[in-house]
Amino acid sequence: MKLLLHMCCAPCSVYPVDCLKSEGIDLKGLFYNPNIHPIDEYNRRKDAVSQFAQITGLEVDYIPGFMQEEWEEFEGEDLKRCTMCYALRLDKAAEYAAQNGFDAFTTSLLISPYQKHDLIRELGESVAQKHGTAFFYRDFRPYFRQGQRMAREMGLYRQKYCGCIVSLREK
């Protein structure tokens with residue numbers, strides 16, 4: 001299987017990459033996260049993904065994007081804000097997967113116990129259908145701490161908030 005992994009950040013990608021590669025899945029990463037603020041934080045996370053890719057030999061494509069105003073519109077409306085954030089990134093991953101011959105796509109967001117897991121799955125399946133590809137679902141949450149430990153051992157930057165300007169203010 002040729003699988004595209006949307007990477008929200010390096011630490012959340014460590015365990016899924018290790019697991020999926022050990023299963024013989026042909027894996028490629030995609031970093032598209034216009035939600036991350038400020039720009040210095042965006043660059044730190046992008047650099048950490050690059051460092052992780054070098055350590056593991058994972059090929060990663062980077063699609064630039066930086067959108068702040070869109071998130072500020074949803075301050076105090078967590079569900080709407082998170083829905084927009086997930087949908088935007090998953091849609092881009094599904095589009096990329098469909099245009100580049102992948103069998104399916106998934107996201108490292110599926111490892112975090114702090115994310116809205118059912119919503120991610122629902123949106124992933126919806127955008128997969130829209131773009132004529134498949135969403136590869138796997139619940140990686142039981143391995144979150146293990147993945148974080150592995151990231152720490154690799155010396156990867158580990159952020160302290162979800163990423164958007166509103167979550168930064170709330171941390």
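Look through segment 13-55, keep the residues that are of a type in the set (Ser, Thr, Tyr) and assigned to a helix (DSSP H, G or I), and return whichever of them is surrounded by the fewest Cβ atoms within 10 Å (Cβ to Cβ).
Taking segment 13-55 first, the residues of a type in the set (Ser, Thr, Tyr) are 13, 15, 22, 32, 42, 50.
Filter once more, keeping what is assigned to a helix (DSSP H, G or I): 13, 15, 22, 42, 50.
Numbers: SER13: 29, TYR15: 22, SER22: 8, TYR42: 18, SER50: 14.
Filtering first and then ranking leaves SER22.
For segment 107-129, which positions are in contact with a helix residue (DSSP H, G or I) (Cβ under 7 Å, 6 or more places away or on another chain) and basic (Lys, Arg)?
LYS116
Filter segment 89-146 down to residues that are without any contact (Cβ under 8 Å) to a residue 40 or more places away in the chain, buried (at least 20 other Cβ atoms within 10 Å of the Cβ) and hydroxyl-bearing (Ser, Thr, Tyr), then give me how many there are.
1
Would you point out the residue of segment 1-12, among those that are touching a strand residue (DSSP E or B) at 6+ places or on another chain (Cβ under 8 Å) and within 19 Å of TYR86 (Cα to Cα), that is surrounded by the fewest Cβ atoms within 10 Å (Cβ to Cβ)?
So, considering only residues that are touching a strand residue (DSSP E or B) at 6+ places or on another chain (Cβ under 8 Å) and within 19 Å of TYR86 (Cα to Cα), the one surrounded by the fewest Cβ atoms within 10 Å (Cβ to Cβ) is LEU3.
If we keep just the residues of segment 111-136 that are touching a strand residue (DSSP E or B) at 6+ places or on another chain (Cβ under 7 Å) and outside any helix (DSSP H, G or I), which is nearest to GLU95 (Cα to Cα)? Reasoning before the result, please.
Of all residues in segment 111-136, those touching a strand residue (DSSP E or B) at 6+ places or on another chain (Cβ under 7 Å) come to 120, 124-125, 128, 133-136.
Subsequent filtering for residues that are outside any helix (DSSP H, G or I) retains 133-136.
Working: THR133: 8, ALA134: 11, PHE135: 11, PHE136: 14 Å.
Per the criteria, the residue is THR133.
Being under 16 Å from the mean Cα position of the chain (by Cα), small (Gly, Ala, Ser) and modelled with pLDDT of 95 or more is the requirement here; does ALA134 meet it?
Working: under 16 Å from the mean Cα position of the chain (by Cα): no; small (Gly, Ala, Ser): yes; modelled with pLDDT of 95 or more: yes.
So ALA134 fails the test.
Going by the conditions given, is VAL49 of a type in the set (Val, Ile, Thr) and in contact with a Phe, Trp or Tyr (Cβ under 6 Å, 6 or more places away or on another chain)? Spell out how you get there, then give the answer.
Working: of a type in the set (Val, Ile, Thr): yes; in contact with a Phe, Trp or Tyr (Cβ under 6 Å, 6 or more places away or on another chain): yes.
So VAL49 passes the test.
The values are calculated or read from the model by the stated rules, or taken from the named source; none is laboratory data. Model, not experiment: these values are computed from the prediction. Positions of Cβ are generated from backbone atoms using ideal geometry, with glycine treated the same way; all protein chains shown enter the neighbour counts.
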